[in-house]
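Asker: Pasting a structure below so you can have a look.
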Amino acid sequence: MKLFPNLAITFFVLSGIVLLVTPQAWWPSYYDLPYMGWAALVCAVAIALVPTHFKTPLAVMFLLNASGDLGLYQLYKHGFEYDKLIHFVTPLIATLALARMWGMKRAALIVVACAITWELFEFLVDQYFKTRIFGVYHLFILRDTIMDIVFNMMGVMIAFAVTQFRRASST
């Protein structure tokens, strides 16, 4: 295994344990310690279990998302919607990683299908069960969902363009 995925696994295991055993009073009020702790442990296991060529991309995606949960999602209060960056970068990385194994068209289709399914799930849970736990901004759920899908699609399109550019420049 490579160094970076191992460091990410260590980070997630230690973070998960710390988040699960420390009192809420030590943390910002927006931290959901049980969710964050268990999610960190699941991330560590997922990185450990995926095939070697997916470990680094998965570790990068999980670390970027975890950075949001740890506080960067709160940047929207200052005019920067970090979650839109995540919705762009994650599909970009996922599409490029999957394209190596399954080809660009299949990879793009899988990422688009997963992104749309997840966004619809988030929207329906927040809208119909009034959970307000998925959309980062809690108030404009439909706007957030639409923009998340737009940024997901942009990430897939850029991955597609990068792959086409690489193919054209190698011939």
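Asker: Using a simple charge model, +1 on the beta-carbon of Lys and Arg, -1 on the beta-carbon of Asp and Glu, nothing else, what dipole does the chain show about its Cα centre, in debye to the nearest 20? Could the numbers behind the result be given before it?
Answerer: Values: 12 positive and 9 negative charges, 133 e Å.
I would put it at about 640 debye.
Asker: Let me cross-check VAL112: its accessible surface, 1.4 Å probe, with only protein heavy atoms counted, in Å² to the nearest 10?
Answerer: Surface open to solvent at VAL112 totals about 40 Å².
Asker: Scan the chain and hand back the longest stretch that contains none of the trypsin sites (Lys or Arg not before Pro) lying in DSSP loops with at most 12 other Cβ atoms within 10 Å.
Answerer: Values: sites that count: LYS2, LYS130.
Within the chain, the longest run free of exposed trypsin sites (Lys or Arg not before Pro) spans 3-129.
Asker: Okay, moving on. Report the chymotrypsin sites (Phe, Trp or Tyr not before Pro) located in the range 19-111 that are in a DSSP loop and have at most 14 other Cβ atoms inside 10 Å of their Cβ, or state none. Don't jump to the answer; show the numbers that get you there.
Answerer: Details: sites: TRP26, TYR30, TYR31, TYR35, TRP38, PHE54, PHE62, TYR73, TYR76, PHE80, TYR82, PHE88, TRP102; in loops: TYR30, TYR31, PHE80.
Answer by residue number: TYR30, PHE80.
Asker: Right, something else. First compute the accessible area of the range 54-171 with a 1.4 Å probe, then give the percent of it belonging to carbon and sulfur atoms.
Answerer: Numbers: 4960 of 6850 Å².
Its accessible area is 72 percent carbon and sulfur atoms.
Asker: Also, quick follow-up: Most mobile of GLY68, GLY79, GLY155 per a Gaussian network model of the chain (Cα springs, under 10 Å)?
Answerer: Result: GLY79 has the largest fluctuation of those listed.
Asker: Separate question: Would you calculate, for the chain, the mean residue ellipticity at 222 nm contributed by helices, counting each DSSP H stretch of 4 or more residues as -39,500 (n - 2.57) and dividing by all residues, to the nearest 500? Could the numbers behind the result be given before it?
Answerer: Numbers: 6 runs with 131 residues, N = 171.
Helix-only estimate at 222 nm: -26500 deg cm²/dmol.
The values are calculated or read from the model by the stated rules, or taken from the named source; none is laboratory data. All figures in this text were calculated on a predicted structure; none of them were measured in a lab. Quick reminder, even Gly has a Cβ in these numbers, built from the backbone with ideal geometry, and neighbours come from all protein chains shown. Note: areas computed on protein heavy atoms with side chains; ligands, DNA, RNA excluded. Shrake-Rupley method; radii C 1.70, N 1.55, O 1.52, S 1.80 Å.
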